[in-house]
Amino acid sequence: MGGGIFDFMASKWESDPEDLRRIIRFIIENSERIGPSRYAMVVGSDRAYGMSRMFEVFSGETTVDVRAFRDFDEAKKWIIERVGEEE
């Protein structure tokens, strides 16, 4: 099981919903190679959080579990919980 935390706290979100759909299509088309995984997206702005939440919803169609966070420690806790589930 793969996964990790993407720290977007300092980035300016320039993507739109269509960009997210393209990423999800890529994940769906390559899901066998990617396999089940969990990724946390930590963001610092309202726009980034909203876009990350959309990505979270779109990813429901894939084997990739994505969740948006505003707090790095909460994201880390969520990732660690998954490791505990696998043991």
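Read-outs: derived from the displayed coordinates by stated rules, not from any lab. Being a predicted model, the structure only gives us computed values, none of them experimental. When we count neighbours, we look across all protein chains shown, and the Cβ atoms used for this are built from the backbone with ideal geometry, even at glycine.
Brief remarks follow.
- Qualifying residue in the stretch 22-37 (condition: charged (D, E, K, R) and in contact with a strand residue (DSSP E or B) (Cβ under 7 Å, 6 or more places away or on another chain)): no
- Some residue of the stretch 37-60 being of a type outside the set (Ser, Thr, Tyr), more than 10 Å from the chain's Cα centre (by Cα) and more than 20 Å from residue 75 (Cα to Cα): no
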